[in-house]
There are 2 protein chains.
Amino acid sequence: MATVQCGRTIIRVKFIKTGDVLDSIEEVLISLRRVIRATDLHSKFLARTTGLTAPQMLLMQTIRDKGEVTIGELASGMSLSQATVTTILDRLETRQLVYRERSKEDKRKVHAYLTEKAAEMLTSAPIPLQDQFARQFSDLQDWEQTMIISSLQRVAQMMDAQHIDASPVLDIGMLDRQGAAAEASEVYEHQHAAKKSK
Amino acid sequence: MATVQCGRTIIRVKFIKTGDVLDSIEEVLISLRRVIRATDLHSKFLARTTGLTAPQMLLMQTIRDKGEVTIGELASGMSLSQATVTTILDRLETRQLVYRERSKEDKRKVHAYLTEKAAEMLTSAPIPLQDQFARQFSDLQDWEQTMIISSLQRVAQMMDAQHIDASPVLDIGMLDRQGAAAEASEVYEHQHAAKKSK
DNA sequence: ATCTAAATATTAGAATACTAAATAATAATT
DNA sequence: AATTATTATTTAGTATTCTAATATTTAGAT
């Protein structure tokens, strides 16, 4: 019976030994493909229903989330070239979903803003995948929600590990930051120091 | 201390109560975005290094996996229109990565095949993301690998639940199908019957 | 102050992806 | 035989994405 400390939380685990690591990886990849495919189909659905394409939608969401952003920030944030962002913004601007204003501090920069219309569209837009997912997710038990979150964070961390040197272990303690209480009953030595990225 | 049965396996869990379900969902979505973004960046990288675009690569992989496929099967399998598949195949055919043959049984149908060149390219192609991921994944402990797999399968299942009526709970027993042994120590009543999709 | 270099956004041009509609060929049905 | 359905292609139009070139502004150096 293994026991592992996660922040102030203890998890005691007894689990099967999977037959082959390669098979496990294959299962992970299959699941990931399924997830990615589902989101892919979803964004196609959104494109059909809203008349906006996925990049357009994503760009608007990014503007909403980041507030006053420049084109360059949008480009690097979305991993696109500035030219691409410009053309997408052009299309959004002709639909009056976005407007641009040159910065007063640095006249090289241009800020992008959402219009009222766009803000409404984003809030009132159908987000069936997220909604449906959220509904199902909230029906799960706490331990399962926590498990999923930590697993996904771990996977995400491993995937953009290009930028990270050597922190192969998820900071499960992050789960604890909501301020929930937990009592320890057993402790497993944590092999790697937790480390925040960014 | 909650205890849950997963197939023949028992997991005993004591975990924090996350503050707010909405926050949890937000964390899940953020992680998913990170994962999807990582794979997205990866396919861009592949496109740069191999000279092929992501759809082209995916199409070739699909042909390899499915064997003798028609254009329509490729289209539905990849959720694209036949026209799109046709044009992608056109480009692959000019590069001599794919060839087509009209079916003898049903002359409306056209089968797509990989050339030697393509098969080689697929096997020898750099798959650094998967490799890197696989390396890190295999370094994880068994319980963590299992946790990640079941979490991902659960998420994937919830995401394409459009097609599924009402089986909101992951068939964790699937994890057991490798034939590994496990001893039970406690049992938590499983609320939902396991159910295989497809 | 002037010149140079860097940063920033846009434009232009090209390749790809995607869809819908029309077309053509074959198979199945009546 | 005639009609209908299936399958793949072509065509036309829009969107995405990149690189390279351009213009403008800012910052730094002389």
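The numbers here are math on the coordinates, done by the rules we state, and not lab data. Predicted model, so just to flag it, every value in this text is computed and none were measured. For neighbour counting, all protein chains shown are included, and Cβ atoms are generated from backbone atoms with ideal geometry for every residue, glycine included.
Once you list every other residue whose beta carbon is under 11 Å from the beta carbon of A:L92, what net charge do they have if Lys and Arg are +1 and Asp and Glu are -1? Write out the running numbers ahead of the final one.
Numbers: positive: A:R91, A:R95, A:R100, A:K117; negative: A:D90, A:E93.
So the surrounding residues net to +2.
Taking 23 Å as the cut-off for C-alpha to C-alpha distance, list the pairs among A:K44/B:K117; A:K44/B:K107; A:K66/A:K107; A:K66/A:K109; A:K44/A:K109 that go past it. Spell out each step's value before the answer.
Working: A:K44/B:K117 33 Å; A:K44/B:K107 32 Å; A:K66/A:K107 20 Å; A:K66/A:K109 16 Å; A:K44/A:K109 33 Å.
Distance filter (> 23 Å) returns A:K44/B:K117; A:K44/B:K107; A:K44/A:K109.
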(request) For B:G67, go 7 angstrom from Cα along the Cα-to-Cβ vector, then report the distances to that same point in the other copies in nm, smallest first. (result) 5.9
(request) Please give the average number of partner chain Cβ atoms lying within 10 Å of the Cβ of each residue in B:77-87, rounded to a whole number. (result) 1
(request) Excluding B:M60 itself, calculate the net charge of residues whose Cβ lies under 12 Å from the Cβ of B:M60, where each Lys or Arg counts +1 and each Asp or Glu counts -1. (result) +2
(message) If packing is taken as the average count of other Cβ atoms within 10 Å, what order do B:26-38, A:43-55 fall into, highest mean first?
(response) B:26-38, A:43-55
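Averaged across the residues of B:36-44, what count of C-beta atoms belonging to other chains lies within 10 Å of each residue's C-beta? All intermediate terms of the calculation are to be shown ahead of the outcome.
Numbers: counts 7, 5, 9, 5, 3, 4, 3, 0, 2.
Counting Cβ atoms of other protein chains within 10 Å of each residue's Cβ and averaging gives 4.
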(request) Can you tell me what the convex hull of the Cα atoms of the range B:77-118 projects to on average, as an area in nm²? (result) 3.4 nm²
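Given the peptides B:63-75, A:93-105, arrange them by the average over their residues of other C-beta atoms within 10 Å, most packed first.
On the way: B:63-75: 16.2, A:93-105: 12.8.
With the highest mean Cβ count within 10 Å placed first, the list reads B:63-75, A:93-105.
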(message) If I take the rotation axis that carries chain A onto chain B, which residue of chain A has the nearest beta-carbon, and at how many angstrom?
(response) A:S151, 2
(request) Would you mind listing the distances between the B:D139 label point and the same position in each other copy? Use 7 Å along Cα-to-C-beta, nm, one decimal, shortest first. (result) 3.9
(request) Compute the label-point distances linking A:T94 to its equivalents in the other copies; points lie 7 Å from Cα along Cα→Cβ; give nm, one decimal, shortest first. (result) 2.7
